[in-house]
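The values are calculated or read from the model by the stated rules, or taken from the named source; none is laboratory data. Worth saying up front: this structure is predicted, and the values here are computed from it rather than measured. Glycine gets a Cβ as well: all are built from the backbone with ideal geometry, and neighbour counts include every protein chain shown.
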Amino acid sequence: MATIKLQPPRGTRDLIGEEFRRHHRVIKTARRISALYGFEEWATPIFEDTRVFARGLGETSDVVSKEMYSFEDRGGESITLRPENTAGVCRALVSNGLTQSLPRKVFYAGPMFRYERPQAGRYRQFHQIGAEVLGAAEPLADAEVIACGHHIIRELGLADGVVLEVNTLGDAPSREAYRAALIAHFAAHRDELSEDSRRRLEKNPLRIIDSKEPEDKALVAGAPTIAAFLTPAAQAHWDALRRHLDAFGLPWRENPRIVRGLDYYSHTAFEFVTERLGAQGTVMGGGRYDGLVEEMGGPPTPSVGWAAGVERLAMLMERAGLTPPAPRLVAVIPVSEAEEGVALALLQRLRAAGVAAEMAYRGNLKRRMERANKQGARAAFIIGESEAARGVAQFRDLDAGTQEEVPLEAAAGRVAPG
């Protein structure tokens, strides 16, 4: 019978060793920094009613029409593995009756799923961190959520290679006037547009601005920007945002080509971008979405937030040589089976004191020491017949190469926690 060689599904991967440590560092850092800004962590289901994402992302978006993992469950309900988490957070706000206690500042982390062509930094199961401020219309909320994202990137050691780009989408009247101007511009070049952009021309011309097709880029470069169409209220929001970003001490640059295609997006749109990842240059992106909670059945709730790709941030860390070191254990080594009981008691005493410790399951003194060295252990406690009888252990500092005898009850104090 032939042996089956099973592999992870295309577009997924195992996180092991250095890869996992980078991945974990991104999430751990984001969790810690977001808490400093007053965000509380929420966890929503990995799958939702398909309507959550169809409404949240738009029926005509590429994600909904081409990339979602949707299926009918045994009860006949249409279920979708979440392709992003902002819609799920907004659904959770409404479902849990929290729209009366606003604003809410929410952080999340977890896996997302999209059926797309795998490439460097892009997977079918990927991971995101995100932050949302729900129920705040003030431009200060926009600036603070951006400041939180920048703080995370800086804390990861990546700020020097990442640039913050910001744009305004204006309010509804601004976008309506801008939309008409875009239709007029692109309609004059309809035959030169890509097939996707011709389809978007009447329904959602803003999405043409974000096209990656070569034939569209020259036309986009000549397209009008929204600056000339901002209402006084939209201009005031944009001016205040930029003042707040400066007050937070954030370096930024304006990019009028950052857009969001759905009607409930408004005012602020931003991205943290890098040239170190090739085509996958955006590591964090977000903006204001004042109509999404209402799409989920809640009241009008102005909101702003961002999401960041954990894999892309981890890839930046790898290229910058910022892989966290593996934890270094302390080895407990009984010389023979007779000393194992004493060794196990010491093992648990060390762990109770916060010291990462391990005892090999088998082997003589030489083999257990070889294992300790192979694991990169920082120290070892060796217990032979004489040591067990006297209630002591030989403490060997594997970095310094020194050895001394210590009482078992004082052993935990001989090594720092970790």
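Residue by residue, here is whether (1) at pLDDT 95 or above; (2) surrounded by 12 or more Cβ atoms within 10 Å (Cβ to Cβ) holds:
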{"site": "4", "(1), (2)": "no, no"}
{"site": "13", "(1), (2)": "no, yes"}
{"site": "21", "(1), (2)": "yes, yes"}
{"site": "26", "(1), (2)": "yes, yes"}
{"site": "45", "(1), (2)": "yes, yes"}
{"site": "48", "(1), (2)": "yes, yes"}
{"site": "52", "(1), (2)": "no, yes"}
{"site": "59", "(1), (2)": "no, no"}
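Filter the stretch 108-150 for residues that are hydrophobic (A, V, I, L, M, F, W, C) and in a strand (DSSP E or B) and give the result.
Residues satisfying the conditions are 109, 112, 113, 126, 129, 131, 133, 134.
Do we have residue 276 as of a type in the set (Lys, Arg), part of a helix (DSSP H, G or I) and either surrounded by fewer than 22 Cβ atoms within 10 Å (Cβ to Cβ) or modelled with pLDDT of 95 or more (or both) here?
no
What residue, of 386, 336, is among the small types (Gly, Ala, Ser) and in contact (Cβ under 8 Å) with a residue 40 or more places away in the chain?
The unique qualifying residue is 336.
Looking at (1) more than 20 Å from residue 242 (Cβ to Cβ); (2) touching a Ser or Thr at 6+ places or on another chain (Cβ under 8 Å); (3) of a type in the set (A, V, I, L, M, F, W, C), find the lone condition where residue 87 falls short.
Every condition holds for residue 87 apart from (2).
Being crowded, with 19+ Cβ neighbours inside 10 Å, part of a helix (DSSP H, G or I) and over 36 Å from the mean Cα position of the chain (by Cα) narrows it down to one residue among 387, 340, 370, 409; which is it?
Result of the check over 387, 340, 370, 409: 387.
What tally of residues in the stretch 122-148 results from selecting those that are crowded, with 23+ Cβ neighbours inside 10 Å and out of contact with any helix residue (DSSP H, G or I) (no Cβ under 9 Å at 6 or more places or on another chain)?
Within the stretch 122-148, residues that are crowded, with 23+ Cβ neighbours inside 10 Å and out of contact with any helix residue (DSSP H, G or I) (no Cβ under 9 Å at 6 or more places or on another chain) number 2.
Just to be sure, is residue 201 within 25 Å of residue 291 (Cβ to Cβ) and either in a loop (DSSP other than H, G, I, E, B) or not hydrophobic (A, V, I, L, M, F, W, C) (or both)?
no
Mind checking which residues of the stretch 190-204 are crowded, with 16+ Cβ neighbours inside 10 Å, in contact (Cβ under 8 Å) with a residue 24 or more places away in the chain and farther than 22 Å from residue 265 by Cα?
Scanning the stretch 190-204 gives a single hit, 193.
Of all residues in the stretch 346-369, count the ones that are touching a residue at least 60 places away in the same chain (Cβ under 8 Å) and of a type in the set (A, V, I, L, M).
Number satisfying all stated conditions: 6.
Residues to consider are 305, 291, 285; find the one that is within 13 Å of the chain's Cα centre (by Cα), surrounded by fewer than 23 Cβ atoms within 10 Å (Cβ to Cβ) and under 23 Å from residue 227 (Cα atoms).
Criteria check complete, one pass: 285.
Every residue in the stretch 167-198 that is in a helix (DSSP H, G or I) and polar (S, T, N, Q), please.
Matches in the stretch 167-198: 174, 197.
Within the stretch 65-85, identify whether any single residue is without any contact (Cβ under 8 Å) to a residue 12 or more places away in the chain and assigned to a helix (DSSP H, G or I), and answer yes or no.
So far as the stretch 65-85 goes, yes, one or more of its residues are without any contact (Cβ under 8 Å) to a residue 12 or more places away in the chain and assigned to a helix (DSSP H, G or I).
Across the stretch 285-333, what is the total count of residues that are more than 30 Å from residue 346 (Cα to Cα), in a strand (DSSP E or B) and not hydroxyl-bearing (Ser, Thr, Tyr)?
10
Which is touching a helix residue (DSSP H, G or I) at 6+ places or on another chain (Cβ under 8 Å) and in contact (Cβ under 8 Å) with a residue 60 or more places away in the chain, of 247, 223, 187?
Within the list 247, 223, 187, the selection yields 247.
Considering only residues of the stretch 210-251 that are in contact with a Gly (Cβ under 6 Å, 6 or more places away or on another chain) and not in a loop (DSSP other than H, G, I, E, B), which is nearest to residue 266 (Cα to Cα)?
234
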